[in-house]
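Here's the structure, in structure tokens; my notes come after.
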Amino acid sequence: MTTFLYAEEATSPVHLEGSDTNLTREESIISSSISVENNGTTYNCDTEDLIAEDINGTNVYHCATQKEKELNNNAEARGTAEIERLAQEVVDKNDKKEVVLVESKENNGSKKYEAFYADNKSDEKFLPIKLYLSLRYMSLYHDHSLSLKDNSTRTGVFFYQTFPNDFELAFQYEAAVTIAENDKITGTDAQIDPGFFSRHFTTRLSYVALKKDEYILAVGRYWGVYYDIAAMTDQFLVFGSQGTGAFNAGSDGAGSGTGRAVNVVQFRIDKKHHYIGLQVQNHLKVLDFAYSGIYAYAAGASYLYKGFTGLTFGVTGNYAVFKKDKITGHTETITNYTKATADIALLAGVTYRRNKMSLGYTLGASKNHVIDDQGTAIDIRGSELYLRYRFFKGWRTAVGFNYLTPIGSSYKGDYEVMDFIASIQYSFNKTYTKLVYVEGKNAQGHFYDGSKMSSAVAVGFRYLLDY
């Protein structure tokens with residue numbers, strides 16, 4: 001019975017064998033679940049992880065580690081988490097190993113739990129690559145008008161290969177695909193930096209990464225180490241990302257290195273509970289095809305501590321030097337800051353992810369990094385909150401805020417961002433890559449001249465096609 005139930009959900013052949021496990025119940029305000037400890041690894045089985053049942057009351061659940069659950073519930077994983085998620089998907093094409101929990105009723109009416117180890121091996125032979133196209137469109141109501149817009153539609157290829165000496169090699173190229181009207185929406189991940197082809201097909205990511213044990217070296221256009229912290233709250237589907245300044249000055253943070261850093265060399269260490277990221281950028285004239293903006297070079301660092309179950313906190317800093325005109329001696333930046341030499345951004349954050357809940361909060365400050373609605377550089381402090389709860393199978397909701405305000409006596413405008421954001425989502429799969437949503441923001445901030453910012457609401461979908 002057990003094999004039949006599970007085989008309906010898995011590729012064949014499926015091999016199940018009993019495991020020496022310790023089963024414990026976990027009751028909390030977040031959820032009720034059963035933990036399975038198998039060979040020193042703890043797996044969690046929630047009622048929402050049901051994959052098969054029959055009329056006799058026998059249920060089969062898919063169990064996963066906390067890290068696996070986080071990746072499954074976050075298809076937007078960035079940085080090293082993105083490499084891990086995509087690499088695992090490549091590996092799963094050939095050999096997928098899982099733990100399942102069988103719940104059955106005994107003759108006396110009590111429940112019996114038994115854990116099994118499932119090894120699903122496919123007869124097909126796959127190349128070590130993943131091809132994907134994520135369609136993302138929405139209908140946006142903003143400033144009393146309704147329009148169809150792209151919402152960061154992207155396509156790409158990911159290559160992953162392991163070698164006998166324990167080296168792991170990854171390559172990813174990802175491009176933004178812009179077809180529908182795509183005027184900039186304040187508070188979104190901009191996709192406007194130059195690409196290799198046209199304004200309808202622009203480069204988002206293009207990097208090579210080499211991993212050996214806990215060390216990673218990445219080169220190219222890749223998520224900046226600053227974004228290791230900013231990603232804790234940049235989780236909304238449409239709005240958000242204002243308070244951290246990750247996507248600064250109307251760009252995707254390529255030149256400054258706070259977003260998708262271009263011309264970057266990164267070194268990362270992920271050792272037990274400690275995670276360190278270091279990066280440098282050099283925007284040479286010969287690399288103008290990749291980036292030709294206002295920055296000459298930049299450097300950044302991040303540190304995260306992951307020693308508590310489900311809890312991570314960290315800090316990051318980024319320092320980007322402006323280009324200098326050889327004739328005038330002025331930096332190629334915003335007019336009000338012609339004497340400024342560098343862009344500085346600092347950020348701290350904490351995130352808690354456990355079972356059905358995901359919570360993130362960031363707090364930071366920056367100098368010469370963010371611009372107001374007039375294109376003037378401003379020194380700011382900002383914060384973001386993101387709280388998501390999966391309240392029913394396939395359904396989840398998210399709420400939070402973005403806050404950004406100028407600091408310093410030199411700025412005389414009334415510019416301030418204060419957005420309260422709410423979202424409800426329904427997913428057709430467990431990884432939330434095929435979903436529909438409604439998301440809105442209640443804007444309480446003001447533009448430079450004191451006029452109020454506009455609220456907005458979006459109805460849209462995401463649909464992933466992959467191989």
Next item on the list: Select from segment 264-299 the residues that are at pLDDT below 95 and among the aliphatic types (A, V, I, L, M) and write down the one among them that is farthest from His369 (Cα to Cα).
Entry: Val286
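Can you work out which of the residues in segment 416-446 that are among the aromatic types (Phe, Trp, Tyr) and modelled with pLDDT of 95 or more is nearest to Leu346 (Cα to Cα)? Can you show your working first?
Going through segment 416-446, the residues among the aromatic types (Phe, Trp, Tyr) turn out to be 420, 426, 428, 432, 437.
Right, trim to modelled with pLDDT of 95 or more and you get 420, 426, 437.
Numbers: Phe420: 23, Tyr426: 35, Tyr437: 32 Å.
The qualifying residue nearest to Leu346 (Cα to Cα) is Phe420.
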Notebook entry, point to check: Of all residues in segment 422-467, which are assigned to a loop (DSSP other than H, G, I, E, B), touching a Gly at 6+ places or on another chain (Cβ under 9 Å), polar (S, T, N, Q) and farther than 22 Å from Ser145 by Cβ?
Noted result: Asn429
Item checked: Subset of segment 19-61 that is hydroxyl-bearing (Ser, Thr, Tyr), in contact with a Lys or Arg (Cβ under 9 Å, 6 or more places away or on another chain) and at pLDDT below 70 - its residue that is nearest to Trp395 (Cα to Cα) -> Ser31
Checklist line | Condition met for Tyr415 (on the phi < 0 side of the Ramachandran plot, under 23 Å from the mean Cα position of the chain (by Cα) and aromatic (Phe, Trp, Tyr)) | finding: no
Next item on the list: Working carefully through the options Ala422, Ala458, Ala377, find the one that is crowded, with 21+ Cβ neighbours inside 10 Å, assigned by TED's automatic domain parsing to the domain that holds Phe322 and either more than 17 Å from Val238 (Cα to Cα) or out of contact with any Leu (no Cβ under 9 Å at 6 or more places or on another chain) (or both).
Entry: Ala377
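Select from segment 226-260 the residues that are among the small types (Gly, Ala, Ser), within 16 Å of Tyr297 (Cα to Cα) and within 13 Å of the chain's Cα centre (by Cα) and list them in ascending order.
Gly259
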Notebook entry, point to check: Do you know which of the residues in segment 208-260 that are acidic (Asp, Glu) and either in contact with a helix residue (DSSP H, G or I) (Cβ under 7 Å, 6 or more places away or on another chain) or free of Cβ contacts under 8 Å to residues at least 60 places away in the same chain (or both) is nearest to Asp288 (Cα to Cα)?
Noted result: Asp228
Note to self: Which residue is farthest from Leu304 (Cα to Cα), if the candidates are limited to segment 360-383 and must be of a type in the set (S, T, N, Q) and not in a loop (DSSP other than H, G, I, E, B)?
What the structure shows: Asn368
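Going by the structure shown, is Thr258 of a type in the set (Val, Ile, Thr) and out of contact with any His (no Cβ under 8 Å at 6 or more places or on another chain)? Outline the logic, then answer.
Values: of a type in the set (Val, Ile, Thr): yes; out of contact with any His (no Cβ under 8 Å at 6 or more places or on another chain): no.
For Thr258, the condition - of a type in the set (Val, Ile, Thr) and out of contact with any His (no Cβ under 8 Å at 6 or more places or on another chain) - is not met.
So how many residues does segment 63-79 have that are more than 11 Å from the chain's Cα centre (by Cα), at pLDDT 70 or above and in a helix (DSSP H, G or I)?
So in segment 63-79, the residues more than 11 Å from the chain's Cα centre (by Cα) come out as 63-69, 72.
Next, only the ones that are at pLDDT 70 or above stay: 63-69.
From what's left, in a helix (DSSP H, G or I): 66-69.
Residues flagged as more than 11 Å from the chain's Cα centre (by Cα), at pLDDT 70 or above and in a helix (DSSP H, G or I) within segment 63-79 amount to 4.
The values are calculated or read from the model by the stated rules, or taken from the named source; none is laboratory data. Because the structure is a prediction, the values reported are computed rather than measured. Every residue, glycine as well, gets a Cβ built from its backbone with ideal geometry; the counts of neighbours run over all protein chains shown.
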